[in-house]
Structures are given as C-alpha cells and as structure tokens.
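Read-outs: derived from the displayed coordinates by stated rules, not from any lab. Being a predicted model, the structure only gives us computed values, none of them experimental. Heads up, the Cβs are rebuilt from the backbone with ideal geometry, glycines too, and the neighbour counts pull from every protein chain shown.
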Amino acid sequence: MDEQTFQQKFTELLNKINELPQSQRSPLEKLAKETQGKRERIQQAVSELQESLDYLRLSVKYLVFDLEATRRENAYLRRLIEQSNRDRNTQQDDDNFIDDSDAHGAD
C-alpha cells in the first residue's frame, strides 16, 4: 500500500472512530496512533535498508572490479615470469652449447 492510500484509509478510520461514543473512542484512538507510529518506524527501517542495499551493491561492484583487475594483473605477471624463465632456459642452453663446443674443440 502506498503512502497516499494509507493516509486516506487512516483518515477514514479516524473519522469513523470519532463517530463512536467516547467510551469506545478512546481505546481505538490509542490503537490508531500506535499503528501510525509503527508504520512510520517501519517506513524508516525500510528506507535505511534500501540505503544499505544500495551501498552494498556499490561495494560489490567495486570489489568485482578490483578482483577482475587483480586477475588481469596476475595473468600479466605470470606471462612475464614464464617469459623470463624461457629466456633464462634459452640462455642456459646457449651457454651449454658453447661449453660443449669448447670441450670438443680441445680434444
């Protein structure tokens, strides 16, 4: 129920309560005021929850963005390490070839 409909129905209820004899009116007026107060507290709580959810959604978006960036960075760094290892292995193979050539040339 939207706010306008609630207020309209609540006003109708208060008008009907006011038509009752005083002995019946007092407890019903008290209940009506309590109901209105509870509704206001519920609306405030819902509003705060919506704000919290909005903040949570934004935080999750930032975390997902950060996670994706970290994954890309990790993949890049792994490629660099693999390339460095390949270059080192190639250099060692070249050094071994030179060492082998020197050893065979001395025979």
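Compute the acute angle (0 to 90°) between the alpha-carbon long axis of helix 22-105 and the principal axis of greatest extent of the alpha-carbon atoms of the chain; round to the nearest 10°.
Roughly 0 degrees between the two axes.
Once you put a point 7 Å from the Cα of Arg57 and another 7 Å from the Cα of Tyr76, both along the Cβ direction, what distance in nm separates them?
Roughly 3.1 nm, to one decimal.
When the chain is fully extended, how far beyond the present Cα-Cα distance does Gln50 get from Glu68, taking 0.36 nm per residue of separation? Could you put the intermediate results ahead of the total?
On the way: separation 18, 0.36 × 18 = 6.48 nm, distance 2.69 nm.
Full extension of this stretch gives 3.8 nm more.
Do you know the Lys pair count in the range 3-105 for C-alpha distances under 28 Å, with sequence separation 8 or more or different chains? Before the final figure, lay out each step's value.
Details: Lys9/Lys30; Lys9/Lys33; Lys9/Lys38; Lys16/Lys30; Lys16/Lys33; Lys16/Lys38; Lys30/Lys38.
Counting lysine pairs in the range 3-105 gives 7.
I'm a student and want to see the number: the projected area of the Cα convex hull of the chain, averaged over all directions, in nm². Let's see the in-between values first.
Working: hull surface 42.7 nm².
About 10.7 nm², averaged over all directions.
Please go through the range 38-87 and write out the chymotrypsin sites (Phe, Trp or Tyr not before Pro) that DSSP classes as loop and that have at most 12 other C-beta atoms within 10 Å.
Answer by residue number: there is no such site.
For the range 21-85, with only Lys/Arg (+1) and Asp/Glu (-1) charged at the beta-carbon, what is the dipole magnitude about the Cα centre, in debye rounded to 20? Don't skip to the answer; put the middle values down first.
On the way: 12 positive and 10 negative charges, 47 e Å.
For the range 21-85, the charge dipole is close to 220 debye.
With point charges of +1 on the Cβ of Lys and Arg and -1 on the Cβ of Asp and Glu, referenced to the Cα centre of the chain, which listed residue (Leu77, Leu13, Gln91) lies farthest in the positive direction of the dipole?
Leu13
Roughly speaking, what is the stretch gain from Gln22 to Gln4, that is 0.36 nm per residue apart minus the C-alpha to C-alpha distance, in nm to one decimal?
3.6 nm
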